[in-house]
Amino acid sequence: MKINGNPMRTLWLRPDGWSVEIIDQTRLPHALETVVLKTADDAAYAIQAMLVRGAPLIGVTAAYGVALAMRKNASDASLEEAIANLAAQRPTAVNLRWALEEMRKALGPLSAEDRVPAAYRHAGRIAEDDVEMCRMIGANGVPLIRELAHRKQGAPVNILTHCNAGWLACIDWGTATSPIYQAHDAGIPVHVFVDETRPRNQGASLTAFELGQHGVPHTLICDNAGGHYMQHGKVDLVITGTDRVAPNGDVANKIGTYLKALAAYDNHVPFFVAFPSSTIDWTISDGTEIPIEERDAREVLSVQGRDPAGRIVQMSIAPPGTPAGNPAFDVTPARLITGLITERGMCRATREGLLSIYPEREIISV
Ligand code: MRU
């Protein structure tokens, strides 16, 4: 996708062929700054401090983190240490563990001297596969939006999304946003309600930013407004991303997604979840097994913004010493989800639905 008209991705290999450059997402939308990762610890920090965030992107960053670790020391012990450290940074998004497992499978059998080029090759493949899967999620989701536009006789289709499941959460295209971008590019009129998404405001700072850069009409709303707009017939469709999908169709996503699903259900608004197959955790049974990350209370007790002098500042919003809870994700039960959109197509949010598009999982998931 583009920033200021220039094609950009969230992460890329630098011309030196080994160091990795990322957009520092903690500075958006106020400043477009990049950071260079030179060690596995740099990659781990970028994931933990959310310079990169979003399930697919943290998976790719972790894969490159392994490559950086191999460059320094390609022993078995170094491989295992890097994987363990990177995996520990964020617990909910399964793409992180998935990408690290892919790296282990690819590198484990190799000699130490073959590991460095192979690590970069495999990390690059994981990144390119993510781009292609996100592109296909868009292609598979467009008919849904086209159908709604047809029913609305050309009036804009109003789509609500929560958090940022755009290209900034991936390498390119995004998950929830990919059908939106592709519908917009195909001339289908769309308008997006962007939930601000407290506490870190990924909707306000990232989704609004990237939709604006692409010229997609959108309106930023506070997290509590979605139910009201649904009640008043202003929302035709909800599409969110997810950080982990259970085989029964339950999904974990940014805190607050569950409440949007309840409001959508009560108001008969279709609620879809978009994700690549790397986000499905076939090792669990249902959403109750998904670990929910508890983050620093300071994220709730403050907000980040730009002051009149243009400085990016953090401001307290509660009395000093106020206790705060900060679960970063919640689980939306499958029964509230109208359908799932993946790179293989759309399906119902059930085990049978998922197995109908991932039939190769039948044997190991019973
Ligand atoms: O905590 P984050 O910003 O990494 O969480 C990301 C999300 O929850 C997004 O909404 C997204 O849907 C999942 S990744 C495409």
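The values are calculated or read from the model by the stated rules, or taken from the named source; none is laboratory data. Bear in mind the structure is a predicted one, so any value in this text is a computation, not a measurement. Ideal geometry is used to build each Cβ from the backbone, glycine not excepted, and the neighbour counts take in all protein chains shown. The area values use the complete protein model at the heavy-atom level, side chains included, leaving out ligands, DNA and RNA. Shrake-Rupley method; radii C 1.70, N 1.55, O 1.52, S 1.80 Å.
Provide, for the chain, the number of lysine pairs with alpha carbons under 21 Å apart, each pair being eight or more places apart or on different chains. Close lysine pairs found across the chain: 4. Put a plus charge on the Cβ of each Lys and Arg, a minus charge on the Cβ of each Asp and Glu, and nothing anywhere else: the dipole of the chain about its Cα centre is then about 660 debye. Within the assembled protein chains, the solvent-accessible surface assigned to T61 is about 0 Å², based on a 1.4 Å probe. Under a 5 Å amide H cut-off, with hydrogens placed 1.01 Å from N, D250 pairs with G287, A334 among residues at least 5 apart or on other chains.
GNM remark for the chain: springs join alpha carbons under 10 Å apart, and the peak mean-square fluctuation among P217, P29, P308 falls on P308. The Cα center of the range 257-277 and the Cα center of the range 135-161 differ in position by 15 Å. Of the chymotrypsin sites (Phe, Trp or Tyr not before Pro) found in the range 57-144, no site is in coil according to DSSP while having at most 12 other Cβ atoms within 10 Å of its Cβ.
In a DSSP loop and with at most 11 other Cβ atoms within 10 Å, there are no GluC sites (Glu not before Pro) in the range 113-175.
Output the antiparallel fraction of DSSP beta bridges having both residues in the range 142-361, as a percent to the nearest 5. Percentage antiparallel, nearest 5: 45. For I280, the residues whose amide H sits under 5 Å from its own are V245, ignoring neighbours fewer than 5 places away on the same chain, with H placed 1.01 Å from N.
When the chain is treated as a GNM with alpha-carbon contacts under 10 Å, the residue of H232, H184, H122 showing the greatest mean-square fluctuation is H232.
Within the range 272-366, report the GluC sites (Glu not before Pro) that DSSP leaves as loop and that have at most 12 other Cβ atoms within 10 Å. Working shown, then result.
Working: sites: E289, E293, E294, E299, E343, E352, E360, E362; in loops: E293, E343, E362.
Those that pass, being in a loop and sparsely packed, are E362.
What does the C-alpha gyration tensor say about the overall shape of the range 142-361? Classify as rounded when a/c is under 1.5, otherwise prolate if a/b is larger than b/c, or oblate. Because a/c hits 1.5 or more and a/b fails to exceed b/c, the range 142-361 counts as oblate. Enclosing the Cα atoms of the range 2-129 in their convex hull gives a volume equal to 94 cubic angstrom per residue.
Using alpha carbon coordinates only, what is the Rg to Rh ratio of the range 254-363, with Rh defined as the Kirkwood radius?
Working: Rg = 18.8 Å, Rh = 17.0 Å.
Answer for the range 254-363: 1.11.
Take the Cα of Q231, go 7 Å toward its beta carbon, and the backbone nitrogen atoms of the range 246-286 under 16 Å from that spot belong to 259-269.
Each of G17, Q153, V142 was scored by the projection of its Cα onto the charge dipole of the chain, and the greatest displacement toward the positive side belongs to Q153; charges sit on the C-beta of Lys, Arg, Asp and Glu.
Cβ-Cβ distance of H268 and N224, R₀ of 22 Å, FRET efficiency by 1/(1 + (r/R0)^6): the value works out to about 0.60.
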